[in-house]
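I have a structure I would like to understand better, so I am pasting it below and will then ask my questions one at a time.
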Amino acid sequence: MAASVVDATIAELVVAAQAGNHAAFTTLYARFHRAVHAVALARVGAADAADVVQDVFARAWTRLGSVREPAAFAGWLMTMARHRAIDRARARGGGDAPAQEVAVAPAPTAEAAAALRAIRALPEAYRETLLMRLVEGLSGPEIAERTGLTPESVRVNLHRGMKLLRDRLAPPATKGGTP
Amino acid sequence: MSGDYLWDRSGADPEVARLEGLLGGLAHDAPLAPLPPRRDRRRALIVGAGVVVVAAAVAIAVWATRGPRAPAPDGCGAGAAGFAFTSRGGPARCGGVATAGGVLPVGVALETPPDVTAEVTVADIGALTLAGGSELTLAATGADQHRLRLAHGRLSARVTAPPRLFVVDTPAATAIDLGCAYDLAVLTDGRTQLTVTSGVVELAAGARLAHVTRGHTVTTVAGRGPGTPVAVGASPAFAALVARVDGGDASALAPLVAAAGAGDTLTLWNLLANGAAAERPAILARLDALFPRPEWLLADDLVAGKPDAIAGLRDVLTSGVWLAPDAPPSPPSPDANPGVWR
């Protein structure tokens with residue numbers, strides 16, 4: 001274990017949290033809550049997404065003992081986040097484009113709401129990655145660490161997703177005009 | 001201009017920066033809410049042991065005072081260790097005894113009549129539905145693995161767990177969960193059919209593996225190893241070509257490769273991974289035509305069948321599958337990444 005939770009690796013934090021160390025779990029939260037939020041925001045509105053984050057971490061705390069391989073924590077947490085967000089979306093009527101989006105605080109501008117809708121309309125492979133990058137402010141390497149994906153896969157997702165997003169956000173007159 | 005702002009904020013990209021400014025206000029910034037108490041397992045064990053002792057004493061007293069009767073369920077009562085289950089539509093048979101619910105212990109079979117289904121809780125990692133006319137045995141359950149055996153019939157599983165913790169054996173193959181939901185059936189002719197509805201499943205038999213991702217199905221014949229996954233929406237003609245190749249008809253490979261479209265890249269990848277060296281150039285050429293392979297994945301390495309390169313190509317083709325939700329596969333977007341899903 002590192003000298004403090006601040007310096008610890010994710011695997012070290014997971015092992016410590018499994019043993020009941022709250023500080024370690026709080027540090028895991030600090031590292032992962034934005035990625036979990038992005039996963040939720042890909043499927044539900046912002047208000048629900050915030051609830052999903054807390055729900056996921058409460059469940060993670062009580063079920064952390066089932067993680068046998070600490071290095072698999074990121075994938076385990078993201079899978080749980082996806083399931084909880086999907087459950088929440090289904091409870092809201094199954095919609096994939098949350099209607100309450102514009103009612104959250106801070107209220108996004110019309111342009112921001114349009115950008116968010118455009119991201120949500122992207123293929124699934126790109127949605128979460130772009131939300132982690134553009135909404136949560138995570139860098140590509142940080143996304144790879146938070147999701148368990150390889151950096152190469154994240155880079156592919158970011159660039160292909162961003163290309164599609166640029167095309168969709170471009171004014172009609174310029175669409176298809178770029179090589 | 002140097003740098004890659006989208007990747008690591010090096011260099012500049014005004015449009016990405018503008019989107020960050022637009023959307024950054026939605027970033028999550030709340031602190032961790034108070035955590036619920038964890039179950040104290042030692043205390044639960046002590047309390048549980050006490051309950052078991054009392055229950056056993058009561059059971060012995062009742063048994064000693066009763067006359068001859070039909071045997072009790074063989075270890076399928078609520079006090080047994082195993083997977084809890086409940087039947088719907090009528091009683092199931094656990095250990096040969098009809099019951100509406102209980103606990104399926106290790107080594108005991110749960111059987112459902114044709115018009116009865118059973119909901120089975122898979123430890124604390126998920127659940128499965130056992131369809132009517134099925135037989136499922138719990139082979140093992142523990143910290144390292146939960147293993148079931150589907151002798152016949154069909155099940156639908158949904159699991160949230162680290163990869164390889166949940167395993168189901170069939171007469172023809174072994175389904176190894178990599179984080180997913182799937183339907184698994186043992187057909188009347190003994191073939192095993194797997195359809196993945198979320199995430200990824202590895203289907204293994206002998207030394208052969210099939211990597212099956214969301215929206216794909218694969219059929220395995222006993223003794224032949226896993227077949228090649230096919231997109232659920234693939235045309236019957238394409239699926240028939242795959243079946244011919246799986247059946248050993250080498251002449252079907254060329255038309256299969258030629259017929260493969262944007263939604264068939266995972267089929268091609270499995271053929272590349274499991275095929276003979278002489279077959280790989282043509283398969284890779286078709287894949288390259290359908291999907292822009294990254295420069296760092298060298299054609300020579302792929303044709304040579306180097307495991308790292310083959311796995312790297314799979315990761316690129318399926319990038320996002322680890323992120324993919326467990327919603328049903330959606331129709332392709334016209335501009336969707338052709339290498340991901342049909």
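The values are calculated or read from the model by the stated rules, or taken from the named source; none is laboratory data. Just so you know, these numbers come straight off a predicted model, no measurement behind them. A quick note on method: Cβ atoms are made from the backbone with ideal geometry, for glycine too, and the neighbour counts reach across all protein chains shown. Each accessible area value is taken on the protein alone, full model and side chains, heavy atoms only, with ligands, DNA and RNA left out. Shrake-Rupley method; radii C 1.70, N 1.55, O 1.52, S 1.80 Å.
One line per residue, one yes/no per condition, for (1) basic (Lys, Arg); (2) open to solvent by 20 Å² or more (accessible area, probe 1.4 Å); (3) touching a residue at least 24 places away in the same chain (Cβ under 8 Å); (4) closer than 20 Å to B:THR195 by Cβ:
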site: B:VAL242; (1), (2), (3), (4): no, no, yes, yes
site: B:VAL245; (1), (2), (3), (4): no, yes, yes, yes
site: B:GLY248; (1), (2), (3), (4): no, yes, no, no
site: B:ALA258; (1), (2), (3), (4): no, yes, yes, no
site: B:LEU271; (1), (2), (3), (4): no, no, yes, yes
site: B:ALA278; (1), (2), (3), (4): no, yes, no, no
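Please specify each residue of region B:149-168 satisfying the condition of being within 25 Å of A:HIS83 (Cα to Cα), open to solvent by less than 30 Å² (accessible area, probe 1.4 Å), assigned to a strand (DSSP E or B) and touching a residue at least 24 places away in the same chain (Cβ under 8 Å).
Of everything in region B:149-168, those that are within 25 Å of A:HIS83 (Cα to Cα), open to solvent by less than 30 Å² (accessible area, probe 1.4 Å), assigned to a strand (DSSP E or B) and touching a residue at least 24 places away in the same chain (Cβ under 8 Å) turn out to be B:LEU155, B:ALA157, B:VAL159, B:PHE166.
State yes or no: is A:ALA17 out of contact with any Asp or Glu (no Cβ under 9 Å at 6 or more places or on another chain), more than 27 Å from A:ARG127 (Cβ to Cβ) and more than 9 Å from chain B (Cβ to nearest Cβ)? Walk me through how you get there before you give the answer.
Working: out of contact with any Asp or Glu (no Cβ under 9 Å at 6 or more places or on another chain): yes; more than 27 Å from A:ARG127 (Cβ to Cβ): yes; more than 9 Å from chain B (Cβ to nearest Cβ): yes.
Spelling it out, A:ALA17 is indeed out of contact with any Asp or Glu (no Cβ under 9 Å at 6 or more places or on another chain), more than 27 Å from A:ARG127 (Cβ to Cβ) and more than 9 Å from chain B (Cβ to nearest Cβ).
Specify which of the listed residues (A:ARG146, A:ARG133, A:ARG166, A:ARG160) is modelled with pLDDT of 90 or more, more than 14 Å from the chain's Cα centre (by Cα) and crowded, with 17+ Cβ neighbours inside 10 Å.
Exactly one residue qualifies, and that residue is A:ARG160.
Name every residue in region B:14-35 that is over 19 Å from A:ALA40 (Cβ atoms) and either at pLDDT 90 or above or open to solvent by less than 50 Å² (accessible area, probe 1.4 Å) (or both), in order of residue number.
Within region B:14-35, B:PRO14, B:GLU15, B:VAL16, B:ALA17, B:ARG18, B:LEU19, B:GLU20, B:GLY21, B:LEU22 meet the criteria.
Within region A:67-77, is there a residue that is at pLDDT 85 or above, among the β-branched types (Val, Ile, Thr) and either within 13 Å of the chain's Cα centre (by Cα) or open to solvent by less than 10 Å² (accessible area, probe 1.4 Å) (or both)?
For region A:67-77, residues at pLDDT 85 or above, among the β-branched types (Val, Ile, Thr) and either within 13 Å of the chain's Cα centre (by Cα) or open to solvent by less than 10 Å² (accessible area, probe 1.4 Å) (or both): absent.
On to the next question. Would you call A:ALA71 over 18 Å from A:ARG82 (Cα atoms) and within 10 Å of another protein chain (Cβ to nearest Cβ)?
Yes.
Mind listing just one residue for me: the one in region B:227-246 that is in contact with a strand residue (DSSP E or B) (Cβ under 8 Å, 6 or more places away or on another chain) and assigned to a loop (DSSP other than H, G, I, E, B) and, of those, nearest to B:THR174 (Cα to Cα)?
Out of the qualifying residues, it is B:GLY227.
List the number of the failed condition for A:ARG82; all other conditions in (1) among the basic types (Lys, Arg); (2) in a loop (DSSP other than H, G, I, E, B); (3) closer than 19 Å to A:GLU145 by Cα hold.
Of (1) among the basic types (Lys, Arg); (2) in a loop (DSSP other than H, G, I, E, B); (3) closer than 19 Å to A:GLU145 by Cα, only one is false for A:ARG82: (2).
Could you check region B:90-107 and list, in sequence order, the residues that are open to solvent by less than 30 Å² (accessible area, probe 1.4 Å) and under 23 Å from the mean Cα position of the chain (by Cα)?
Those that are open to solvent by less than 30 Å² (accessible area, probe 1.4 Å) and under 23 Å from the mean Cα position of the chain (by Cα): B:LEU104, B:PRO105.
Against the condition crowded, with 18+ Cβ neighbours inside 10 Å and closer than 22 Å to B:SER87 by Cβ, how does B:ALA172 come out, does it pass?
For B:ALA172, the condition - crowded, with 18+ Cβ neighbours inside 10 Å and closer than 22 Å to B:SER87 by Cβ - is not met.
Still on this structure, please answer the following. Quick check, is B:ALA289 open to solvent by less than 10 Å² (accessible area, probe 1.4 Å) and without any contact (Cβ under 8 Å) to a residue 12 or more places away in the chain?
In short, no.
Go over the candidates B:ALA210, B:ALA175, B:ALA181, B:ALA204 one by one and state the one that is of a type outside the set (Phe, Trp, Tyr), under 26 Å from B:ALA234 (Cα atoms), in a strand (DSSP E or B) and within 14 Å of chain A (Cβ to nearest Cβ).
B:ALA181
Exactly one condition in (1) surrounded by 13 or more Cβ atoms within 10 Å (Cβ to Cβ); (2) within 12 Å of chain A (Cβ to nearest Cβ); (3) out of contact with any Pro (no Cβ under 8 Å at 6 or more places or on another chain) is false for B:GLY305; which is it?
(2)
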